[in-house]
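Down below is the structure, laid out as C-alpha cells.
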Amino acid sequence: MDLQHWLGRAAQAIQEWADTFGPYQTHPSVVVDEDRFADAFQEFTGRLQDNYPFFHPYYAGQMLKPPHPAAVVGYLAAMLINPNNHALDGGPATARMEREAVGQLAAMFGLDTHLGHLTTSGTIANLEALFVARELHPAQGIAYSEDAHYTHGRMCRVLGVDGRPVRTDDRGRIDLDAVEDLLRTGEVGTVVLTAGTTGLGAVDPVHAALALRARYGVRIHVDAAYGGFFTLLAGADGPEGLAPEPWRAIAQCDSIVIDPHKHGLQPYGCGAVLFRDPEVGRFYLHDSPYTYFTSTELHLGEISLECSRAGASAAALWLTLRLLPPTPDGLGRVLAAGRRAALKWADLIASSDLLELYQRPELDIVSYFPAVEPTALTGIDRASAQVLADGMAGPDPVFLSTFKAGRKAFAARHPKVVTDAADARVLRSVLMKPESEIYIEHIHARVEQIARSLRP
Ligand SMILES: *Cc1c(COP(=O)(O)O)cnc(C)c1O
C-alpha cells in the first residue's frame, strides 16, 4: 500500500467529517507561520537521523521494527480526533474497536470467556495481572523465572508482594521442580510463566505448570508479551511449526499478557492484558465524578488501572487486524518467515567454523558467539563486543545486539567453556521482520567475515 497516498486520504477523511460541524475560527495563539515551521521541521528531521535503521533487513539486533503502514494510517486518522479510550464519552468508535480487537486476541488464544483491554505497554499489562493476582492471594508471593522480564521483580516491589525468582534449565525455561519446591512452602500464590523470554525466546512449559495449579491452588499468569503471536504457529506444518502443548494450554491460564507493539505490527503504546474470568473486573471498581456519563455499557476505564489511553492505538490495531488477522494465514505468515529465518541461520552457524550457537532458537531469536581459542568467557565477551562494533561501522553494515549470559547459564549449554569471568556477552539477533528470511545468508556471510577479521 502507498503510505503517502493513504496518509493524505486519512487527513482528508477526518477533515470531511470535521467539516460537517461547520466552519470555526482558530485562535491566533496556536497559529504557526509556515516559514518558522519549515525551519523547525528541518531541524527535527535532521535530528531524527540519529537512529538505527530498524526497518532494514540488515538490522538484526533488538526487538525493534516500524509499524505496518496500515497501523500508521489508522493511528494518524484516529489521532486527528484524539479519542481517549478511558471512557465511551472519550471516543465511542475507538472504544468499540478496542473491544473487538481484544476479542480477536482472546480468540487467538482460544479463550472461551475473557475480560481484557489494551494498555500502554507489556509492563503495565503485567502490572494489572499481578495486581489482580495479589488481590486474590494477598498474603502470598509471586514466582517467575530468572529469565523472566526484569519488570516482574520491579512490579512485585510496587505491589508490596514478595517476588520469587526461580532457576531456569539449560534452554532458559523455568524449572518446574524448583517451582514445586517453592509451592510446597505455601508462600507463593501465583506463578508467572513466560511464553517467549525477551532474551532468548525460551517458552516455559505452560502445560506442565497447569498440573501445579490443580495441586496447589495457585494462579497461573502467562507473560506472552513477546511470544504471544507465535501461538499462530503451534502445530503448523513446515519447519516453522511449534510444539503445540504450551500454546494450547494458555487458554486455561488465569491471565495473559501480549504486546501488539512487538509482534502485532503496532507502534509503541500497545500492550494488552486478558483475564479468563470476567469477574475479576470487581477489583477495579471505582467511582469517578468526571467520567462515565453516556451509557450503562462498560467503559474501558472501569477495568483498567490507567486512566487516559490513546484511542488511536486501538484504531491502529483494529485496522491492521482487518488486513492481517491473528490467524495462521494472516499474521501467522509474518511470524513464520522470521522463524524460518532463525532456523536457517542456526543451521548456517552450526556448520560454521567461525561462529557458534549459544543455544538453538525456540522462536525467532538467534544467540551465537565468535568461536575463539581457547573457549573462555573473557575471550568470547571481547570478541562478541568487537563483532557488534565492527558490524555497525563501515560501508556494508550489519546491526546486531548483545546478550549477557551468566557463567552458570553458559556452562550449562557449553560445559567445556573456561569460566574465567562472572558472565560474557554473546551476540543476539531478533529476526522479527519477515524480510530476514530473504537476507539471512547475506547477514550470516557478513558476520562470518567480521569474525574472521578478528583472527590473528
Ligand atoms: C517486552 C516484554 C515485557 C515488557 O513489555 P513492554 O511493552 O516493553 O513494557 C514484558 N515481558 C516480556 C516477556 C517482554 O518481552
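Just so it is clear, none of the values below were taken in a lab; they were calculated from the coordinates. Note that the structure is a prediction, hence the values are computed from the model and not measured. Note that we place each Cβ from the backbone using ideal geometry, even for glycine, and neighbour counts take in every protein chain shown.
Reported value for the range 1-66: 168 Å³ per residue, from the convex hull of its C-alpha atoms. For the chain, what is the charge dipole size about the Cα centre, in debye to the nearest 20, if Lys and Arg each add +1 at the Cβ and Asp and Glu each add -1 at the Cβ? The dipole of the chain has a size of about 860 debye. Near THR327, the amide H atoms lying under 5 Å from its own belong to GLY332; only residues 5 or more places off or on other chains count, and H is placed 1.01 Å from N.
In this calculation the C-beta distance from VAL418 to VAL158 is compared with R0 = 51 Å, giving a FRET efficiency of 0.80.
For the range 315-381 versus the range 1-58, the inter-centroid distance based on Cα atoms is 36 Å. Between ALA445 and THR45, the simple spin-label model (points 7 angstrom out along Cα→Cβ) gives 3.4 nm.
Per DSSP helix of 4 or more residues, -39500 (n - 2.57); summed, then divided by the residues of the chain. What does that give at 222 nm, rounded to the nearest 500? It lands at -13000 deg cm²/dmol. With Cα atoms defining each centre, the range 244-265 and the range 67-105 are spaced 21 Å apart in the structure. Scalar couplings 3J(HN,Hα) for the range 235-247, obtained by applying the Karplus form with A = 6.51, B = -1.76, C = 1.60 to θ = phi - 60°, are x, 5, 6, x, x, 7, x, 10, 3, x, 3, x, 6 Hz; x denotes Gly and Pro. Where both residues lie in the chain, what percent of DSSP beta bridges are antiparallel, nearest 5? The answer is about 60 percent antiparallel.
Mark the label point 7 Å from the Cα of ALA376 along Cα→Cβ and return the residues of the range 397-423 whose backbone N is within less than 11 Å of it. Correct set: 418-421. Per 10 Å bin from zero, what fraction in whole % of the C-alpha pairs of the chain is there, up to the bin with the longest pair? Distribution as computed: 4, 19, 27, 25, 16, 7, 2, 0 percent.
Excluding residues on the same chain fewer than 8 positions from LYS65, give the aspartates and glutamates whose Cα lies under 12 Å from its Cα. Leaving aside aspartates and glutamates fewer than 8 places away in the same chain, those within reach of LYS65 are GLU435. Between GLU135 and ALA214, the modelled labels are 2.9 nm apart [label points 7 Å from Cα along Cα→Cβ].
Taking amide hydrogens as placed 1.01 Å from N in the peptide plane, the amide H of TYR59 sits under 5 Å from those of PHE399, each at least 5 positions away in sequence or on another chain. Cross-link reach is defined here as a Cα-Cα straight distance under 17 Å, omitting same-chain residues fewer than 8 places apart; for LYS408 the lysines meeting it are LYS416. Amide H contacts for HIS86 (H built 1.01 Å from N in the peptide plane; partners 5 or more residues away or on another chain; cut-off under 5 Å): ARG309. Within a straight-line Cα-Cα reach of under 14 Å, LYS262 can be paired with the following aspartates and glutamates, leaving aside sequence neighbours fewer than 8 residues apart in one chain: ASP223, ASP364. Normalised by the number of residues in the chain, the mean separation of alpha-carbon contacts (under 8 Å, six or more apart) gives a relative contact order of 20 percent.
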